Each structure stands twice: as structure tokens, then as C-alpha cells.
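What follows is calculated from the coordinates using simple rules that are stated; it is not laboratory data. Everything numeric here is computed off the predicted structure, so don't read it as measured data. Glycine gets a Cβ as well: all are built from the backbone with ideal geometry, and neighbour counts include every protein chain shown.
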Amino acid sequence: MIIWLIGMSGSGKTTISKELYDALKPQSPNLVYLDGDDFREMFRNDVDHTIDGRRKNAERISHTCQLLDKQGIHVIASVLSIFPDWQAWNREHFQDYFEIFLDIPLDVLIQRDVKNLYARAESGRIPNVVGFDIPFPPPPNPDLTIDAEFQKKGIAASVERILTEIPNLNNTKTTVDLDVLSLPGSTTISDQAIEYTLADGDLLNHPNTYFYMPFSGTPFLDAWRLSRDMLLATVPELSLPPVKSARPFMIDGQIDTAALLATLKAEYSASHTVTDESKKWLLKLLHKFEVFKRVHGYYDMSFKAIDRQDHKNTSLYIGLAEVFELAWQRDNSLQFLSALLKILDTLSSLEKSLPAVEKVQLAHLVQQERKHIRDFALTRGVSI
């Protein structure tokens with residue numbers, strides 16, 4: 001994951017980036033911080049602040065982030081970033097990219113002017129200052145914008161907002177940390193009753209990050225089971241809808257997610273061995289969901305969402321949950337059971353607004369989830 005903070009000088013990007021780094025580093029040891037100015041110094045300031053010099057520095061930063069990204073290293077990059085074409089390059093080439101724009105008006109920046117940069121530019125003492133003789137084009141498609149009004153709440157509030165919006169860097173935490181079930185004595189980690197809150201709220205628009213999720217032993221599992229029981233009690237007993245037929249899912253350079261899910265469901269439901277190609281597609285979907293907790297309607301051939309706002313079709317979440325459940329039955333790989341729990345948290349939070357047929361599908365999935373968790377727990381000596 002590359003977290004890319006964009007803002008003019010004085011916007012707070014360095015301070016916020018460093019605070020964000022300090023907040024995330026304990027949980028993500030494979031996280032590094034890059035600053036545009038530090039990057040210049042690393043190359044002994046061999047480029048100037050003209051448009052051409054800034055472009056060369058931007059290219060270096062993006063390619064360095066790509067190198068780290070390919071090795072599974074997360075990056076917080078604090079950059080001025082005046083080139084929309086390089087922002088687009090980032091989104092295309094990084095495995096996962098989250099762009100934050102600190103949208104602070106120039107008059108506010110001039111008032112702050114902690115480096116005395118704007119005063120010198122205004123008096124003509126220095127050239128090539130972004131906002132004066134070099135234009136600053138706002139990023140066209142940031143994932144999160146923090147404006148001057150919000151910044152009045154303080155640095156901590158800005159960092160907290162970012163933490164609630166960015167995807168989980170670690171990808172390995174699950175609603176129930178299933179590996180803990182194999183630890184001796186894990187059946188009685190806590191005797192205190194707790195509530196299960198991971199299926200609360202509008203998780204379609206504000207997904208869980210599952211940051212800092214402690215496992216509270218059997219009481220946690222009991223709370224999860226009670227939450228699912230309450231959901232099942234509200235769903236009428238109806239027949240499941242017929243299985244959708246598989247159809248081509250790659251059309252005109254786009255991947256139709258609904259068609260891909262129908263293909264995977266047919267493949268994983270069949271008696272024959274699942275093809276390597278199908279496994280590859282499922283892992284792509286798994287990775288995207290684990291990072292963003294969202295399913296988009298269409299992806300390009302590099303598996304980037306065509307429309308980042310197109311993530312509200314609940315039938316796609318149902319379809320992906322069905323495939324995760326089938327994959328767990330076939331492979332007994334915890335990554336599928338973990339993802340199934342998370343996607344059912346999302347669907348459970350939306351149960352009241354689901355169409356009747358999707359409520360029935362959700363109820364079936366929850367029943368299967370309960371069975372799989374119970375059976376898995378028994379293999380670890382835990383009775384639920």
C-alpha cells in the first residue's frame with residue numbers, strides 16, 4: 001500500500017505524515033516514510049525547483065515507491081505532487097494506492113508560511129514557487145480530502161480521520177483471529193461478556209479496518225454467534241434462487257465482476273479440480289476485498305476499479321461470499337474463512353435494506369459460516 005499525501009508547502013503534510021507513520025509503524029513494521037525534500041537531499045540536490053526538476057524528482061519518488069511496493073513494503077509519501085499524469089501513473093502501477101489531498105487555500109498557507117517561502121516568492125526574492133509562478137493543479141481524484149476547516153480540529157483529528165479511511169495495511173487480522181484457537185488454553189482467554197460490534201453501522205460506505213483487533217477468547221465467539229443468531233431470526237424461510245449461469249467476464253478490456261463471480265461459483269461448485277486460472281482470479285478478488293473491504297462492479301485488466309464509487313451493489317458481496325465459502329470447503333485455507341467472516345459482517349450490517357432474495361442468501365451463508373467456525377474450532381479443542 002502506498003499512502004500518498006499531496007499538499008502545498010505549509011499544508012501540514014509533513015507533520016500529518018510523520019504522526020500517521022508513528023501511529024501505524026508499531027502494527028506495520030514493513031512501513032517506511034518518504035518525504036519529497038528528503039528525497040532531493042538523498043540525491044544531493046542534483047535537480048532544481050523548475051518544472052523539469054520537479055518532474056524528475058516526482059519520477060524518482062514514484063519509481064522508488066513502486067520498487068518498495070513490489071517487495072511488500074508499505075510507504076507513506078509526503079509530496080507536493082503537481083503532476084496529475086504521475087498521480088495517474090501511481091494508481092495504475094502500485095498494487096494498492098490511497099491518495100490524500102490536503103486542500104488548503106493559498107491565503108491560509110501565506111498566513112502560516114512557516115518557511116517564509118511565500119513571503120520571499122511574493123517579494124520576488126526566489127523563483128519557481130508552487131502557488132506563485134508555478135501553478136498547483138489539485139489532484140483530480142483523491143481518495144480522501146482534508147480541508148482547512150477540518151484541520152482546525154488539530155493534527156490528531158486529521159490523523160484519526162485518515163486511520164478510519166485507509167485500508168488495513170496488514171491484511172491478516174480477521175474478525176475472529178482463528179489462529180489463536182490453536183493456542184493452549186485459548187478457550188478461556190476472557191470470562192467477561194462482550195458485545196459483537198463488527199457488524200454495526202453502514203459498512204458499505206464506512207468499512208471496518210479491523211485495526212488493533214484483540215481476540216477475547218470464547219466470549220468474543222459467543223458474542224459473534226449471538227449476533228448471527230439475531231440476524232437469522234429476522235429472515236423468512238424461503239428457497240434459494242437458482243444459480244446464475246456462467247458467461248464471459250472480460251469484455252472490451254474490462255472485467256465484469258458479476259460475470260466473474262458466476263464463473264468462479266460454477267467452477268468451485270463443480271466436482272473437477274479448480275483450474276489455476278480460476279484460482280488466480282479468486283486470489284485477485286480476495287486481495288482487493290481484504291485491502292478495501294469493497295467489491296466494485298468493473299475492473300480494468302490490471303484489476304483496478306473502473307469507478308471507485310461503484311461499490312454498492314450488494315449482490316456482488318453476496319456472490320463473493322458464496323465463492324469464499326465454496327473455496328473454504330475445497331481448500332480449508334484460512335484466508336477464505338477469514339474473508340468470509342468479514343464480508344458477512346458487511347452484509348449483516350445491511351440486512352434490513354437487502355432485497356428479500358439476498359436476505360435468504362445471507363441467511364444461508366451465515367448458517368454455513370457458523371458450521372465452518374464450529375467445525376474448525378473443534379479441531380482446536382474449542383467448543384462453541
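Taking the DSSP beta bridges in the chain as the whole, what percent of them are antiparallel, to the nearest 5? Provide the component values of the computation, followed by the final result.
Working: 6 of 26 bridges.
About 25 percent, rounded to the nearest 5.
Across the chain, Cα pairs under 8 Å and at least six residues apart give a relative contact order of 16 percent.
Local charge sum around Leu362 (other residues, Cβ-Cβ under 12 Å, Lys/Arg +1, Asp/Glu -1)? Spell out each step's value before the answer.
Details: positive: Arg228, Lys352, Lys359; negative: Glu322, Glu325, Asp345, Glu351, Glu358, Glu369.
For residues surrounding Leu362, the net value is -3.
Shown in residue order for segment 157-163 are the 3J(HN,Hα) couplings computed by the Karplus curve 6.51 cos²θ - 1.76 cosθ + 1.60 at θ = phi - 60°: 5, 5, 5, 4, 5, 4, 4 Hz (x for Gly and Pro). Residues whose amide H comes within less than 5 Å of that of Tyr97, counting only those at least five positions distant or on another chain, are Ile2 (H built at 1.01 Å from N in the peptide plane).
Report, to the nearest 10°, how far helix 356-379 tilts away from the longest principal axis of the Cα atoms in the chain, using its own Cα long axis and a range of 0 to 90°. Relative to the chain, helix 356-379 is tipped by roughly 80 degrees. Quote the charge dipole size of the chain about the Cα centre in Debye, to the nearest 20; the model charges only the Cβ of Lys and Arg (+1) and of Asp and Glu (-1). Around 360 debye, computed over the chain. A straight line joining the Cα centroids of segment 321-384 and segment 231-275 runs 16 Å.
For Leu34, the residues 5 or more places off, or on other chains, whose built amide H falls under 5 Å of its own are Ile76, Ala77, Ser78.
For segment 278-384, what class follows from the C-alpha gyration tensor (a ≥ b ≥ c being the square roots of its eigenvalues): rounded when a/c is under 1.5, otherwise prolate if a/b is larger than b/c, else oblate? Oblate, because a/c is 1.5 or more while a/b does not exceed b/c. Taking other residues whose beta carbon is less than 14 angstrom from the beta carbon of Ser62, and scoring Lys, Arg as +1 and Asp, Glu as -1, yields +1.
Counting helices only, and only those DSSP H runs with n ≥ 4, report the 222 nm mean residue ellipticity of the chain as the sum of -39,500 (n - 2.57) divided by its residues, in deg cm²/dmol to the nearest 500. Display every interim value, and only then the final one.
Details: 14 runs with 180 residues, N = 384.
Helix-only estimate at 222 nm: -15000 deg cm²/dmol.
Phi-derived couplings, Karplus 6.51 cos²θ - 1.76 cosθ + 1.60 at θ = phi - 60°, listed residue by residue for segment 201-208: x, 8, 6, 6, 9, 10, x, 5 Hz, with x used for Gly and Pro.
Among residues other than Lys265 whose Cβ falls under 9 Å from its Cβ, what is the net charge (Lys/Arg +1, Asp/Glu -1)? The partial results should precede the final answer.
Numbers: positive: Lys244; negative: Glu267, Glu322.
Counting the neighbours of Lys265, the net charge comes to -1.
Under 5 Å from the amide H of Thr145 lie the amide H atoms of Phe101, each residue being 5 or more positions distant or on a separate chain, with H modelled from the backbone and absent for Pro and chain starts.
Per-residue 3J(HN,Hα) values for segment 293-308, derived from phi via the Karplus relation 6.51 cos²θ - 1.76 cosθ + 1.60 with θ = phi - 60°, read 6, 9, 10, 9, x, 9, 10, 7, 6, 8, 6, 9, 4, 5, 10, 5 Hz in sequence order (x marks Gly and Pro). Counting only Cβ charges, +1 for Lys and Arg and -1 for Asp and Glu, the dipole size of segment 2-165 around its Cα centre is about 320 debye. Can you classify segment 2-165 as rounded, prolate or oblate using the Cα gyration tensor, where a ≥ b ≥ c are the square roots of its eigenvalues, rounded means a/c under 1.5, and otherwise it's prolate if a/b beats b/c and oblate if not? Cα axes put segment 2-165 in the oblate bin. Site pair Thr275 and Thr379 shows an inter-label distance of 2.8 nm when each label is modelled 7 Å from Cα along Cα→Cβ.
Could the peptides 257-267, 360-370, 43-53 be put in order, highest first, of the mean number of other beta-carbon atoms found within 10 Å of their residues? Write down the numbers at each step before the final one.
Numbers: 257-267: 21.1, 360-370: 19.3, 43-53: 12.6.
Top to bottom by mean Cβ count within 10 Å: 257-267, 360-370, 43-53.
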